Amino acid sequence: LNQPRTALQTELDQFYRVLNQASTETQMVTAQAFCKARKKLNPEVFESLNRLLQQQIDCFGLRQKWRGLRVLAVDGSTVHLPLESTMATFFGSHSGFPMARLSTLYEVADGQTLHSLIVPLTVGERDCAHLHLEHLPADSLTLFDRGYPGHWLFALFAQQQRHFLMRLPCGYNAQVKAFLHSGQVEDTQLFVANHPEARLFCSEAGVDPASQIELRLIRVELANGESEVLLTSLLDREAFPAEVFAELYHRRWGIETDFRRLKQTLTLDNFSGRSVTAVKQDFHAAQLLKNLALLMQHLLQPVIEQRHKGRKLRWKVNFTQGVSRLKNTLVELLVRHCAQGLSNVLALMAKSLSAVRSGRSFARQRKRAASRGCEGYKPTR
């Protein structure tokens, strides 16, 4: 949680200096002893702490809703792992490098990660989506990109009485092709699992392969003149008119930004250990740290808007600066009663702002592969 990025011994010495409120650093614990001790820490403790955090957010009524529903998103990514044979054995490898699959269930309004997975590459994104389903709140709508559609997933949402909105490939099936050619803006149709493979997936997911699901197709015209097709379980056209879905689906981009936070701001692939347990600990600790920082940012937003209400642009806490303020400070906040310390951190965050420039879009550019540096070496502090 204290964002270890440099040599482990350096981080430990700095940690104990803060913990003991000492003026200088001394070696209280060796890196070898720490590595031995961390093997006894179950990574699930960070998942449990995050569940507790989310329960507290719910209890204080801090969730924002869209037309009565909490908007969530599911997406996946991958991350490079330390060059150890145990990593390749457990997680798998790609192009000769150990790699793991990541998947998150993300709250669009406040950026909170409700549930996260780091699993072997053999576990697909759709399998991860299945594992996220049990963590969906009752009053939620989940956004998916066009890599997720499948009749088994439609049926699971119907079975659990949850709602979704997802983008479909234009050639998803004959129904979607016919809808596109019809010129209609929206249409409600019955979806069935006609293909043998689709029926097999339904059986494996525990849903009836013969189920017929009533769903709503919506056409969205893009700025480049092309059309995309959205599919939703929200059938009420008065409560949810077709024109609101384009902007709603665009909110899914927040989960893409969230992976960027993990990989760039929190430098997720700069793992503090070289074991499977250490990788899982770092991943779930990073999610918890990110959620704490975003919660503070969310709580500060009304203060910032009041302070800058006369300005042309909206302003928000700079996430990178906000997380940086928690380095070492979080140690103090967690181990001792420190209301003044929390107040000081929030005051610093409220001064580290970025302008919100909405409505901007840029063509995605292909960039060269990021350098992973020299394996086994850490930067100085």
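The numbers here are math on the coordinates, done by the rules we state, and not lab data. Nothing here was measured: the structure is a model prediction, and the numbers come from that model. Here the Cβ is made from the backbone with ideal geometry for all residues, glycine too, and neighbour counts use every protein chain on show.
Take the conditions touching an Asp or Glu at 6+ places or on another chain (Cβ under 9 Å), at negative phi and either without any contact (Cβ under 8 Å) to a residue 24 or more places away in the chain or aliphatic (A, V, I, L, M) (or both) and apply them to residue 268. Does it pass?
So residue 268 passes the test.
Within the range 230-287, track down each residue that is of a type in the set (Phe, Trp, Tyr) and under 15 Å from the mean Cα position of the chain (by Cα). So that I can check it myself, show each step before the final result.
Of the residues in the range 230-287, the ones of a type in the set (Phe, Trp, Tyr) are 240, 245, 249, 253, 259, 271, 283.
253, 259, 283, listed by residue number.
State which residue pairs qualify: first residue touching a residue at least 60 places away in the same chain (Cβ under 8 Å) and inside the range 32-43, second residue not hydrophobic (A, V, I, L, M, F, W, C) and not in a helix (DSSP H, G or I) in any location, beta carbons under 7 Å apart, and separation of 6 or more residues or different chains.
Once the first residue is touching a residue at least 60 places away in the same chain (Cβ under 8 Å) and sits in the range 32-43, its partners that are not hydrophobic (A, V, I, L, M, F, W, C) and not in a helix (DSSP H, G or I) give 35/273; 38/273.
Just give me the residues in the range 46-75 being without any contact (Cβ under 8 Å) to a residue 60 or more places away in the chain and farther than 30 Å from residue 239 by Cβ, in sequence order.
48, 51, 52, 56
Checking residue 162 against (1) basic (Lys, Arg); (2) in contact with a Ser or Thr (Cβ under 7 Å, 6 or more places away or on another chain); (3) crowded, with 20+ Cβ neighbours inside 10 Å: exactly one of these is not met. Which one?
The failed condition is (3).
Would you point out which residue out of 323, 331, 345 is part of a helix (DSSP H, G or I), crowded, with 16+ Cβ neighbours inside 10 Å, touching a residue at least 40 places away in the same chain (Cβ under 8 Å) and within 20 Å of the chain's Cα centre (by Cα)?
323 is the lone residue from the list that is part of a helix (DSSP H, G or I), crowded, with 16+ Cβ neighbours inside 10 Å, touching a residue at least 40 places away in the same chain (Cβ under 8 Å) and within 20 Å of the chain's Cα centre (by Cα).
Starting from the range 276-288, keep only residues that are over 14 Å from residue 112 (Cα atoms), then list their pairs with residues that are basic (Lys, Arg) whose Cβ atoms are within a distance under 9 Å, requiring at least 6 positions of separation or different chains.
From residues that are over 14 Å from residue 112 (Cα atoms), the pairs are 277/38; 277/39; 278/38; 278/39; 281/38.
Select from the range 200-228 the residues that are without any contact (Cβ under 8 Å) to a residue 24 or more places away in the chain, touching a strand residue (DSSP E or B) at 6+ places or on another chain (Cβ under 8 Å) and either among the hydrophobic types (A, V, I, L, M, F, W, C) or part of a loop (DSSP other than H, G, I, E, B) (or both) and list them in ascending order.
Hits for the range 200-228 are 212, 222.
Looking at this structure, is residue 29 over 30 Å from residue 237 (Cα atoms) and part of a helix (DSSP H, G or I)?
No, not satisfied.
Is it the case that some residue within the range 229-242 is hydrophobic (A, V, I, L, M, F, W, C), touching a residue at least 60 places away in the same chain (Cβ under 8 Å), in a helix (DSSP H, G or I) and surrounded by fewer than 21 Cβ atoms within 10 Å (Cβ to Cβ)?
Checked the range 229-242: no residue is hydrophobic (A, V, I, L, M, F, W, C), touching a residue at least 60 places away in the same chain (Cβ under 8 Å), in a helix (DSSP H, G or I) and surrounded by fewer than 21 Cβ atoms within 10 Å (Cβ to Cβ).
Can you report the number of residues in the range 187-216 which are farther than 16 Å from residue 157 by Cβ, among the hydrophobic types (A, V, I, L, M, F, W, C) and within 30 Å of the chain's Cα centre (by Cα)?
Within the range 187-216, residues that are farther than 16 Å from residue 157 by Cβ, among the hydrophobic types (A, V, I, L, M, F, W, C) and within 30 Å of the chain's Cα centre (by Cα) number 1.
Check residue 75 against each of (1) more than 19 Å from residue 252 (Cβ to Cβ); (2) part of a strand (DSSP E or B) and name the one condition it does not meet.
(1)
Would you please name the residue that is surrounded by the most Cβ atoms within 10 Å (Cβ to Cβ), looking only at residues in the range 173-225 that are among the small types (Gly, Ala, Ser) and over 27 Å from residue 131 (Cβ atoms)? Please lay out each step first, then the result.
Step one: list which residues in the range 173-225 are among the small types (Gly, Ala, Ser), which gives 174, 178, 182-183, 193, 198, 203, 205-206, 210-211, 223, 225.
Cutting the leftovers down to over 27 Å from residue 131 (Cβ atoms) gives us 174, 178, 182-183, 223, 225.
Numbers: 174: 9, 178: 13, 182: 11, 183: 8, 223: 6, 225: 6.
Among residues in the range 173-225 that are among the small types (Gly, Ala, Ser) and over 27 Å from residue 131 (Cβ atoms), the one surrounded by the most Cβ atoms within 10 Å (Cβ to Cβ) is 178.
Suppose the filter is over 20 Å from residue 184 (Cβ atoms), polar (S, T, N, Q), in a helix (DSSP H, G or I) and free of Cβ contacts under 8 Å to residues at least 24 places away in the same chain; does residue 301 pass it?
Here the answer is yes, as residue 301 does meet what is asked.
Report, by residue number, each residue of the range 85-103 that is assigned to a strand (DSSP E or B) and either under 18 Å from the mean Cα position of the chain (by Cα) or not hydroxyl-bearing (Ser, Thr, Tyr) (or both).
94, 97, 98, 99, 100, 101, 102, 103
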